[in-house]
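Chemist: Sharing a structure below in structure tokens format, with a few things to ask.
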Amino acid sequence: FNFASFNTDNQLSSKFTNVHLLAEYAPFKSDHFRLVGGAAYLLKANASVTISPNGTYQFGNTSINKDQIGELNANVNWKGVAPYLGVALFRSFPGKLFNINLDIGTYYVSRPGTAITGTKMLSDNSSQEPQFNENMKGYRWLPVIQINFNFRIK
């Protein structure tokens, strides 16, 4: 993303780790299409962005470079249990030795916690946390695509 007249280097990262329990229901005689429901416990679910201005900026007769400005970090964390609903395609269990199937669905996650921290000239941006929290409160759906590799043990 860009800010008008403000060049930045941005680093976005996310880490999601969960344990889930899912159940499938095949509404038709074939098991090539199934409905999947369940829940997950989010062990780690966070995203962060670090915004670092680059270049030199003029404010009147004063010139300020990126090292004087600092950087801004925005973090979002989700916790707890997340219900899951999705569909599964292709066979769930291998007919012979091996198969692949696909799950497409979404978790409904808790309202995220947020934090903003800055360094140097951007250190006073924590006052923006309430607005950032308000902006992020609607991010409750976590889409998921899972490719499953299944082996039959005889």
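The values are calculated or read from the model by the stated rules, or taken from the named source; none is laboratory data. Predicted model, so just to flag it, every value in this text is computed and none were measured. Cβ coordinates were reconstructed from backbone atoms using ideal geometry, including for glycine residues, and neighbour counts include every protein chain displayed. We work out accessible area using only protein heavy atoms, side chains counted, and drop any ligands, DNA or RNA first. Shrake-Rupley method; radii C 1.70, N 1.55, O 1.52, S 1.80 Å.
Chemist: Output the number of the condition that D67 fails; it satisfies all remaining conditions of (1) assigned to a strand (DSSP E or B); (2) over 24 Å from P130 (Cβ atoms).
Modeler: Checking D67 against (1) assigned to a strand (DSSP E or B); (2) over 24 Å from P130 (Cβ atoms), the one that fails is (1).
Chemist: Here is a further query. Could you tell me how many of the residues in the range 83-107 are surrounded by 14 or more Cβ atoms within 10 Å (Cβ to Cβ) and among the aromatic types (F, W, Y)?
Modeler: Matching residues across the range 83-107 total 3.
Chemist: Let me ask something additional. Among what's in the range 70-82 and is among the aliphatic types (A, V, I, L, M) and surrounded by 17 or more Cβ atoms within 10 Å (Cβ to Cβ), pick the residue that is farthest from E129 (Cα to Cα).
Modeler: Of all residues in the range 70-82, those among the aliphatic types (A, V, I, L, M) come to 72, 74, 76, 81-82.
After this cut, where a residue has to be surrounded by 17 or more Cβ atoms within 10 Å (Cβ to Cβ) as well, the list is 72, 74, 76, 82.
Working: L72: 12, A74: 9, V76: 11, A82: 24 Å.
Only one residue tops the list, namely A82.
Chemist: Pull out all pairs, ordered by first then second residue, where Cβ-Cβ is under 8 Å, the residues are six or more apart or on different chains, the first lies in the range 86-99 and is farther than 12 Å from S30 by Cβ, and the second is in a loop (DSSP other than H, G, I, E, B) and charged (D, E, K, R).
Modeler: Note: pairs meeting the criteria are F93/D31; F93/R152; P94/R152; K96/R152; L97/R152; F98/R152; N99/R91.
Chemist: Regarding T114, is this residue within 30 Å of Y57 (Cα to Cα) and part of a strand (DSSP E or B)? Don't jump to the end; show me each part of the working.
Modeler: Values: within 30 Å of Y57 (Cα to Cα): yes; part of a strand (DSSP E or B): yes.
The answer is yes for T114.
Chemist: Can you confirm whether I51 is crowded, with 17+ Cβ neighbours inside 10 Å and farther than 15 Å from V144 by Cα?
Modeler: When the stated conditions are applied, I51 passes them.
Chemist: Turning to a different aspect of this structure: Somewhere in the range 5-18, is a residue in a loop (DSSP other than H, G, I, E, B), hydroxyl-bearing (S, T, Y) and open to solvent by 90 Å² or more (accessible area, probe 1.4 Å)?
Modeler: Yes, the range 5-18 has at least one match.
Chemist: Determine if the range 74-89 includes at least one residue that is farther than 15 Å from L142 by Cβ, at pLDDT below 85 and β-branched (V, I, T).
Modeler: No, every residue in the range 74-89 fails to be farther than 15 Å from L142 by Cβ, at pLDDT below 85 and β-branched (V, I, T).
Chemist: Something else about it: Specify the residue that is surrounded by the most Cβ atoms within 10 Å (Cβ to Cβ); the eligible residues are those in the range 19-40 that are at pLDDT 90 or above and of a type in the set (A, V, I, L, M).
Modeler: Filtering the range 19-40 for residues that are at pLDDT 90 or above and of a type in the set (A, V, I, L, M), the one surrounded by the most Cβ atoms within 10 Å (Cβ to Cβ) comes out as A40.
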